[in-house]
Structures are given as C-alpha cells and as structure tokens.
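The structure appears below as structure tokens.
The values are calculated or read from the model by the stated rules, or taken from the named source; none is laboratory data. Keep in mind it's a predicted model, so treat the numbers as computed, not measured. Using ideal geometry, Cβ is built from the backbone for each residue, glycine included, and neighbour counts are taken over all protein chains shown.
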Amino acid sequence: MIALNSPLKPDLKKIQKYLEQVNDNGWFTNFGPLHNELTAKLEDYLGVKNLLLVNNGTSALQVAAKTLGTESILSTPFSFVATASAFMWQKDDVAFADINRNSYNLCPIAIDDAYRKGCKADTVVATHVYGNPCDVEAFDELSENKNIKIIYDAAHAFGIKIGNDSVLNYGDASTLSFHATKVFHTIEGGAVVFKDKANFDKAKELINFGIQATNEIIDVGINAKLNEYQAAVGLVNLDEMDNVLHHRAGLFHAYCIGLQEIVEIPSWHPQANVNGAYMPIKLANYNQLIKVTEILKENNIQSRHYFSPSLDKIFVDNFNYGTVNCHQVCAGILCLPMHAHMSLADVAKVITIIKKAL
Ligand SMILES: *Cc1c(COP(=O)(O)O)cnc(C)c1O
C-alpha cells in the first residue's frame, strides 16, 4: 500500500533524553525550558522573529485574530475547514471571495472587487494553499490602501521562502500547524508569527489566561500553551527537517515531471521554493477524478479529494462574493500520496497508474 500521508516518527531514544530533562527540571508546561529552546531554534530555522508556540494550528488562527482585534473577515473558500470555522467559533464574521484559477490561492483582484461592492471586513485571511505562497506583494498593497489587516494561514508553508525571505514575514500575522500530519510536527501544536513585537507580547499573555507578567489580568484570555512533551517532539523532529524537506521536494519535482503534460498542477509562486507538503493535481472534470481515484484504490494507493467541498458550500449562510474559480478547481482536485517515508519508486508507480487511467 502507498499511503496518502505518514507522520514523522520521532527517535524514541532522543525523546527519552528530553523527557528525562523535563523530569529533572520539574517543569512540564507554561513556557518551560524546552518550549523556549524550540522557539529559538524555530525562529532561527525559519528566519523569523516573534514566533509564539501554541497548542494547535486552529488556536493559532484564533489567537492571531484576537490579538489583532479582528471582527470581520474576508477569506478563501479553498482551504481546510479550520481556516473559516476557527474564526466563526469566536463569532467573527467570515465572508468568501474567489481564488486565482491558476495558483488556487485567494485572489487579490477578487478581494479588491469585494471591497468595491461594499465589503467592510477589517481583516483578510489567506491560505498559502499546499505551501504555494499567495501573491503577497498584492496583499501588502491592499493592506496599505484599504487599511486592512492580513492574516496568512501558513499551515502548509513550513520552510517556504520567497527569494531569501520566509513567507511567514508577510502580513500582520502568519499561523502554522504542527499537527502530526504536517511536514513538521509536535503531535498537536502550532505557532503564530507576528510582524510586531507588541502583538507577540500581547498574544503571549492571551494564551495564558490573559495573565500579565505583573500577575494582573487585563484581558479575556484562553489557555493555548504548548507543553514540554510537545516541545521535545518538536526538537527531535526539527533535527530531521533539512533531510525531510529535501526529500519531499525531490518527490514533488518527480511527480511534476511525470504528470505535468497530462494533468493540471497549481502554478507556483515564481520566487518560492517547494516543501512537498502536498501533491495536488487537478483533473479535467469530476468523472475523470472518480476514474483516477478508483484505479489508484484498486492498486492500493490512497488519494484524497482535498479540498472539497469548498468552504462556501459548507458554510452556506456566510456572505459570498462569487467563487466560480474555486468550484472549478474543487470539481477536479486530487491529492496524491506525499510523505517522508515514500520513495521515488513509489512516485513512479503512482505516475504510471495515472497515465494508464488517462
Ligand atoms: C491543518 C490545518 C489547520 C489546523 O491545524 P491544527 O493544528 O490541526 O489545528 C488550519 N489550516 C490549515 C490550512 C490546515 O491545513
């Protein structure tokens, strides 16, 4: 069987050493030594500042919005459900605008158009879908001209750079997920990278019940801290990330070479690297999608119609500025097996079967 995904398995001997440290420290959570070590190492590895570890990628989105004072959002319909539901859970208003037909990322022109039509959202939330950076320059301009905040859901974008600069350095905040199924993981976990130190400081209080350094409570907070056991897993997995990202990028390129003539592959940001977080292909129509899925299944190869349905079809009461491109992409989108335990021979096998099916 070739699995769709297979989580990184942290080296248990290394984990045990860290856990012995935790016992010696007698410090299990609340910004402990391993938490601080992981924070510093991630900031260094990713090339960012103001990185706040949190307990998962969903609360990363929620904490980012609470910290920035977000109340109403214009967002992408083509993402994982949490990109919308995380905010709706805390009563933020979420409306949808269309994606770019080629990159599958939220379209700046569609955003501009929505504001022309009277959209009053104070924040735009855009996902770097499959790790492919959004048109960040266009969003920077929108942010300035319209005085709106930008939050990037960067759950897929671990290790992605535009030129030499981390994609996480764009926008007012970027959020990461360190769920076990992601490229880098702490089993459950995540982070917010803030542009401003002041927002980082505020968020660090908010995720600890709103308790300030002076022990005063000035705001309604939540508990969203990452604990020392999770940090241990992160430290062990981080040691492997150079190899993991290199291997995944190799698989991604092999897929592209084998398939780009016969299926659509999202057009990548021209200055960005790839991290092989996912292997999305878009088939011509739904019938072709079903055909390919079934032939893969017969050959013991997993695949997933991901992301579908689009979020505007899940949250039908949310305002929608038109999502034609998104529906076109959703009809034919398929994610192929992609993970660190796969080989180039596995990729070749998947390619051969898809070619036969088409
Ligand atoms: C995984 C994911 C999330 C949620 O992260 P969790 O850590 O599972 O809460 C949010 N947005 C996107 C785009 C994701 O892929």
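Remarks
- On the stretch given as the stretch 126-163, residues that are under 12 Å from the mean Cα position of the chain (by Cα), on the phi < 0 side of the Ramachandran plot and not hydrophobic (A, V, I, L, M, F, W, C) total 7.
- Exclusive hit being under 26 Å from Pro33 (Cβ atoms) and without any contact (Cβ under 8 Å) to a residue 24 or more places away in the chain, set Ile257, Ile211: Ile211
- Scan of the stretch 87-96 for residues that are surrounded by 19 or more Cβ atoms within 10 Å (Cβ to Cβ) and either farther than 18 Å from Tyr152 by Cβ or within 12 Å of the ligand (Cβ to nearest atom) (or both), ordered by number: Phe87
- Residue match in the stretch 173-188 (condition: in a strand (DSSP E or B) and more than 12 Å from the chain's Cα centre (by Cα)): yes
- Considering (1) of a type outside the set (D, E, K, R); (2) assigned to a loop (DSSP other than H, G, I, E, B); (3) more than 16 Å from the ligand (Cβ to nearest atom), the lone condition that Ala114 does not fulfil carries the number (2).
Rundown of residues vs (1) under 22 Å from the mean Cα position of the chain (by Cα); (2) assigned to a helix (DSSP H, G or I); (3) outside the structural domain of Asn275 (by TED's automatic domain parsing); (4) at pLDDT 95 or above, yes/no style:
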residue	(1), (2), (3), (4)
Phe200	yes, yes, yes, yes
Glu205	no, yes, yes, yes
Asn215	no, no, yes, no
Asp219	no, no, yes, no
Ala232	yes, yes, yes, yes
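- Residue pairs meeting the criteria (Cβ under 7 Å; at least 6 apart or on separate chains; first over 15 Å from Gly47 (Cα atoms), in the stretch 152-174; second within 14 Å of the ligand (Cβ to nearest atom) and at pLDDT below 95): none
- A single entry from Ile290, Ile265, Ile281 fulfils the requirement of being within 30 Å of Asp242 (Cβ to Cβ), hydrophobic (A, V, I, L, M, F, W, C) and surrounded by fewer than 21 Cβ atoms within 10 Å (Cβ to Cβ): Ile265.
- If only residues of the stretch 1-20 that are part of a helix (DSSP H, G or I) and without any contact (Cβ under 8 Å) to a residue 40 or more places away in the chain are counted, the one that is nearest to Leu296 (Cα to Cα) is Leu12.
- Set side by side, the residues Ala191, Ala224, Ala173, Ala203 differ, and just one is under 18 Å from Ser59 (Cβ atoms), away from the ligand (no atom under 14 Å from the Cβ) and buried (at least 21 other Cβ atoms within 10 Å of the Cβ), which is Ala203.
- When the stretch 117-136 is limited to residues that are assigned to a helix (DSSP H, G or I) and within 16 Å of the ligand (Cβ to nearest atom), the one that is surrounded by the most Cβ atoms within 10 Å (Cβ to Cβ) turns out to be Val129.
- Across the stretch 56-86, the qualifying residues are those that are within 15 Å of the chain's Cα centre (by Cα) and part of a loop (DSSP other than H, G, I, E, B), and the one among them that is farthest from the ligand (Cβ to nearest atom) is Pro77.
- Output for the stretch 137-167, where each listed residue is among the aliphatic types (A, V, I, L, M) and buried (at least 23 other Cβ atoms within 10 Å of the Cβ): Ile151, Ala154, Ala155, Ala157, Ile160, Val167
- Matching residues, the stretch 36-55, being assigned to a helix (DSSP H, G or I) and over 16 Å from His179 (Cα atoms): Asn36, Glu37, Thr39, Ala40, Lys41, Glu43, Asp44, Tyr45, Leu46
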